[in-house]
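This report refers to the structure that appears directly beneath it.
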Amino acid sequence: MRSYPHQSTSIEVIDMHTGGEPLRIITSGYPDIPGADILAKRRYAKDHLDHLRRFLMFEPRGHFDMYGAILVEPSLPDADLAVLFIHNEGYSTMCGHAILALGRYAIDYGLVKAVAPITTVNIECPCGLVRAEVEVHEDKTGKVRFSSVPSFMFASDLSLQLADGTNFKTDIGYGGAFYAILDAGQFDVAITPENARQLTRLAEAICQAVNDSVTLAHPDHDDLAFLYGAILTDGLDAYGESPTRNICVFAKNQVDRSPTGSGVSARLAIQHAKGLITPGQVRLFESVIGSSFEGSVEAITRCGPHPAIVASVKGKAHYSGKACFWLEDDDKIGRGFIVG
């Protein structure tokens, strides 16, 4: 039986955003999520608590592009906290913008003791352990940098075709989640807010073409082997002082307002594999609205058979408010809905 929160047992949240991309952190009132590890917890939440995802992410409390974080008990000994990520379609395996926000939150709300000038916060994600380094100055948290899980290029320069017959080429990269990553110039579309709807439709068609033609695999777990979205770029992949812009469309056509932390990790992995960036070179990655993350190749590693990197991504999250949510017994609409 689906149980919803009442006024006396509300779900409380703190809202943040990173580069414009929202993060709703559930702080209390969510049921316990059992499971021997984080992926088991993810499966349990998907199978038994999905009505609460819709309750918190959808209207009237959220919106089509809302994003959330459920804090759960860690299963890794080095983790300070563990998190499940939720959005309009389900449960993602990695979220860089959320890591940048949770780094600040963990210190500001006493989950991790502040140590100046840098406090390390180890966050267990479905894709693995991610280390965040939080700037602390005069007891105030600031920018956050995280080191990714091993990120790699899964496929390069695939020639595919959209349903309408349009040919295109794409790479596939993994940065905690799999993305099709390609130059939007192939379709003569610039990465601007005005073109967001057109880019979203393109991304949907691209993901369909990839899913129809490519079988993804991850050496650690089958639960990680799915295409999370498409990242359309301005084509400026070679290292340079000028920023490179992209738009990430993930889940059910959800548009990331930030440059996308896991997406930047995947882009860096592809750029490194193609010899376009070397360790230590810091690149600025911009989102469709112009917010930015700093990205670089921190180290070289492997992920099963794949040459891989550890990406470094840095940005700043901000608080936007807090709330508590409940449902009246006769409010069927209030359980959550999306228009469109």
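The values are calculated or read from the model by the stated rules, or taken from the named source; none is laboratory data. Fair warning: this is a prediction, and the values are worked out from it, not measured in the lab. We place every Cβ from the backbone using ideal geometry, glycine too, and count neighbours over all the protein chains shown. Side chains included, ligands, DNA and RNA excluded: accessible areas come from the protein's heavy atoms. Shrake-Rupley method; radii C 1.70, N 1.55, O 1.52, S 1.80 Å.
Summary table below
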{"item": "1.4 Å probe accessible area per residue over the stretch 183-246, in Å²", "result": "52 Å²"}
{"item": "Relative contact order for the stretch 27-122, counting Cα pairs under 8 Å that sit 6 or more residues apart, in percent", "result": "22 percent"}
{"item": "Cα gyration tensor category, rounded, prolate or oblate, for the stretch 50-134 with a/c compared to 1.5", "result": "prolate"}
{"item": "Peptides 291-299, 19-27 ordered by average Cβ neighbours within 10 Å, highest first", "result": "19-27, 291-299"}
{"item": "Surface accessible to a 1.4 Å probe, per residue, for the residues of the stretch 75-117, Å²", "result": "34 Å²"}
{"item": "Sparsely packed GluC sites (Glu not before Pro) within the stretch 77-145, loop by DSSP, other Cβ within 10 Å at most 16", "result": "GLU89, GLU138"}
{"item": "Over the chain: helical MRE at 222 nm, DSSP H runs n ≥ 4 each giving -39500 (n - 2.57), nearest 500", "result": "-6000 deg cm²/dmol"}
{"item": "Protection proxy ranking, peptides 49-58, 104-113, average beta carbon neighbours within 10 Å, highest first", "result": "49-58, 104-113"}
{"item": "Kyte-Doolittle at least 0.0, axis length at least 20 Å by Cα - qualifying DSSP helices, the chain", "result": "none"}
{"item": "Reciprocal of mean inverse Cα separation for the stretch 208-317 (Kirkwood radius, Å)", "result": "14.7 Å"}
{"item": "Normalised contact order of the stretch 240-340, rounded percent, pairs of Cα under 8 Å and 6 or more residues apart", "result": "22 percent"}
{"item": "Taking the chain and dividing mean pair separation by its residue count, relative contact order in percent (alpha carbons under 8 Å, at least six apart)", "result": "21 percent"}
